[in-house]
1. Whole-Hz ³J(HN,Hα) for each residue in region 133-150, computed from phi via Karplus 6.51 cos²θ - 1.76 cosθ + 1.60 with θ = phi - 60°, x for glycine and proline: what do you get?
2. Would you mind checking the radius of gyration and Dmax of region 159-296 based on alpha-carbon positions, in Å?
3. What are the ³J(HN,Hα) values, in whole Hz, obtained from phi via the Karplus relation 6.51 cos²θ - 1.76 cosθ + 1.60 with θ = phi - 60°, for each residue of region 203-220 in sequence order, with x given for Gly and Pro?
4. Within 10 Å of each residue's Cβ, count the other Cβ atoms and sort LYS141, LYS120 from fewest upward.
5. For each of ASP152, ASP88, count neighbouring Cβ atoms within 10 Å of the residue's Cβ, then give the residues from fewest to most.
6. Where does each of PHE64, PHE135, PHE156 land when they are ranked from fewest to most other beta-carbon atoms within 10 angstrom?
7. Please list 3J(HN,Hα) in residue order for region 59-69, calculated via the Karplus relation 6.51 cos²θ - 1.76 cosθ + 1.60 where θ = phi - 60°; whole Hz, with x for glycine and proline.
Amino acid sequence: MKIPFLNDEFFDRLETLSIYLRTDLTGYYGGKHLIKKYGQTIEFADYRNYQPGDDIRRIDWNLFARLKKYFLKLYTDERQMHVRIFLDCSASMGLYPQKAAYALGFAAALGFLAVKSNDKVSFHFLGDGRAVDPFGLIVGKNAFFRAIGEFDKITFGGEADFAGSVPLVAGEGASDGLSVLISDFLNENRWQRAADYLLFKKRQILVCQILGREDLAPNYSGKYELVDCEGSGPGDGRNVRLNVSRPMLEQYRKEISAYIAELGQICAAKGAAFLSVGADVPIERALFCELSRNGLIR
């Protein structure tokens, strides 16, 4: 699937943004995320008393001149985090090309923010009941842009099972970065069990709901047979026949708004960041405004 806006201009506009992760996360050395542990950066953190065996080069001699006591300067440490992006590639996500392209573009934007900060990123595409990781661990912009060049080969179909797929590909490591769940969350993909597992692994979580214009405000009138695109066919028990009326559409809009609010409340209770965005909203606006508002993007 071609994503026309994934170009140099798009990524240039993201250069001023960075993913902000909690300072209690751990990770590998060599990144740009300041953590609470003391290390070798130039950013001052605190003092402590000198103890025999400490590096005398870290003694604050100005403080010694005033207090006649030896104190060591302590500095913050920086770590490299792992950003794992789990993208729902089920049939419902691919039903509307605009929504599918937006989901891939949003995943690409978050991946770019990771590699520009010297973090690692991995993309996991969930569909047909399994997770596919075609690119492996991505480090650096060159590897990232090679992977993005293959995004047009990603296909959508079947059902996505977050609970069954996420633990299989995210089992190693703990407290080492951000995990992102991207879906419309309009089907039974068991995302809450996946989120609970990631929280057990002490990872920071972003739940991103992407909805198409048809999901938010369908414009139908008359008799229709609604067919579940992830079902087994016309005889599937989840298919329904409806005589769509204006009051029914108004009730649907109220229900979808209430459902979005419920998702936000669930995520807040779990301590996960939540974003619900329509596929007609520019990705830069979602990042600059919505994610900046909850502190995940700075």
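1. 3J(HN,Hα) across region 133-150, in whole Hz: 10, x, 10, x, 6, 10, 10, x, 5, 4, 5, 5, 5, 5, 5, 4, x, 9.
2. Both quantities, over Cα of region 159-296: 17.3, 53 Å.
3. Once θ is set to phi - 60°, the couplings for region 203-220 become 9, 6, 10, 10, 9, 10, 9, 10, 10, x, 4, 5, 6, 7, 8, x, 10, 10 Hz.
4. LYS141, LYS120
5. The order, fewest Cβ neighbours first, is ASP152, ASP88.
6. In order of increasing Cβ crowding within 10 Å: PHE64, PHE135, PHE156.
7. With coefficients 6.51, -1.76 and 1.60, one gets 6, 8, 6, 5, 5, 5, 5, 8, 10, 6, 9 Hz.
Any read-out appearing in this document is the output of simple, stated calculations on the displayed coordinates, not a laboratory observation. Since the model is a prediction, treat every value here as computed from it, not as a measurement. When we count neighbours, we look across all protein chains shown, and the Cβ atoms used for this are built from the backbone with ideal geometry, even at glycine.
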